[in-house]
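K.L.:
Have a look at the structure that comes next, please.
Nothing in this text is a laboratory measurement; each read-out follows from the coordinates by a stated rule. All figures in this text were calculated on a predicted structure; none of them were measured in a lab. Positions of Cβ are backbone-derived with ideal geometry, glycine not excepted, and every protein chain shown enters the neighbour counts.
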């Protein structure tokens, strides 16, 4: 047995974290967007509801990254981010595969659980299990938007996690970007940045419109960000693949952060 074979707890944690994120996404979307919801009736302005959705999901992201489990697995919760750290040489191929499989499985399990509990409330056409789909601008705009927001998120993650002064604030920066993107960018593409997140919603909702965008643009954007970062600071400035390295516990990555 190699070291990678014993890392299944971290793989499982990644699945649980993304499952929790999907439960929150579907739950908040139902409360805010279902026509029968009291919150929806109280807030008829879609812009205000989208702002609240952004705050809710940004806060969820921060909480998951900062949780003990998030600190143990690194809280990638995104195959595109995990593949980028593989490119950067900070995660072993076996761990990368384990993370990606767990992320897809966890995301699907989270949405399936929502369907089992909320049923057609979350399946209503106004909610559709929080599916991501191109907005009125069409496929090209959605692809460009997903590419851009994924690039910026990965640049922020790399700059913050590799600067001792900024590293403690990485979860807050990620959460702020998620909140801002949902508020500003969601009308263009639905705001995904995450192949597993989009696949899970599409699978349960049966809504497959332009799913290829969410499988291509986020990885391409994040990989482009990693190339830009390497050209700017060099490979030796990539210290670890955890978004929050504080707290006790092992690190399964090729880590250069002092314990």
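K.L.:
Over segment 1-131, what is the relative contact order in whole percent, taking alpha-carbon pairs under 8 Å and six or more residues apart?
P.N.:
44
K.L.:
Related question: Just to confirm the number: angle between the C-alpha axis of helix 211-233 and the first principal axis of the chain, 0 to 90 degrees, nearest 10?
P.N.:
30
K.L.:
What is the extension gain from residue 212 to residue 47, computed as 0.36 nm multiplied by their sequence separation minus the C-alpha to C-alpha distance, in nm to one decimal?
P.N.:
56.7 nm
K.L.:
Give me the Debye-computed log₁₀ of I(q)/I(0) at q = 0.16, 0.19, 0.24 Å⁻¹ for segment 182-249, equal point scatterers on Cα only, no solvent, two decimals.
P.N.:
Here log10 of I(q) over I(0) equals -0.76, -0.89, -1.03.
K.L.:
Let me ask you something else. Would you mind calculating the relative contact order of the chain from Cα pairs under 8 angstrom and at least 6 residues apart, reporting the percent as a whole number?
P.N.:
Across the chain, relative contact order equals 30 percent.
K.L.:
Kirkwood Rh over Cα pairs of segment 3-237 into Stokes-Einstein at 25 °C, 0.890 mPa s: D in µm²/s? Let's see the in-between values first.
P.N.:
On the way: Rh = 17.8 Å.
Diffusion coefficient, whole number: 138 µm²/s.
K.L.:
Rounded to the nearest 500, what is the 222 nm mean residue ellipticity of the chain from helices alone, with -39500 (n - 2.57) per DSSP H run of 4+ residues and division by all residues? Display every interim value, and only then the final one.
P.N.:
Values: 12 runs with 173 residues, N = 259.
One gets -21500 deg cm²/dmol as the mean residue ellipticity at 222 nm.
K.L.:
While we're on this one: What's the center-to-center distance, using Cα atoms, between segment 215-259 and segment 13-86 in Å?
P.N.:
Taking the Cα centre of segment 13-86 as reference, the centre of segment 215-259 is 22 Å away.
K.L.:
Now for a separate question. Could you sort 100-113, 186-199 so that the peptide with the highest average Cβ count within 10 Å comes first and the rest follow in order?
P.N.:
Ranking the peptides 100-113, 186-199 by packing returns 186-199, 100-113.
K.L.:
Taking the convex hull of the Cα atoms, report for segment 62-131 its projected area averaged over all directions, in nm².
P.N.:
Numbers: hull surface 22.9 nm².
Its average projected convex-hull area is 5.7 nm².
K.L.:
Same structure, new question: Averaging over every viewing direction, what projected area does the convex hull of the Cα atoms of segment 109-156 cover, in nm²?
P.N.:
Seen from a random direction, the Cα hull of segment 109-156 projects 4.7 nm² on average.
K.L.:
A follow-up question, please. How large is the direction-averaged shadow of the alpha-carbon convex hull of segment 16-88, in nm²?
P.N.:
Details: hull surface 22.9 nm².
Taking the Cα atoms of segment 16-88, their convex hull projects to 5.7 nm² on average.
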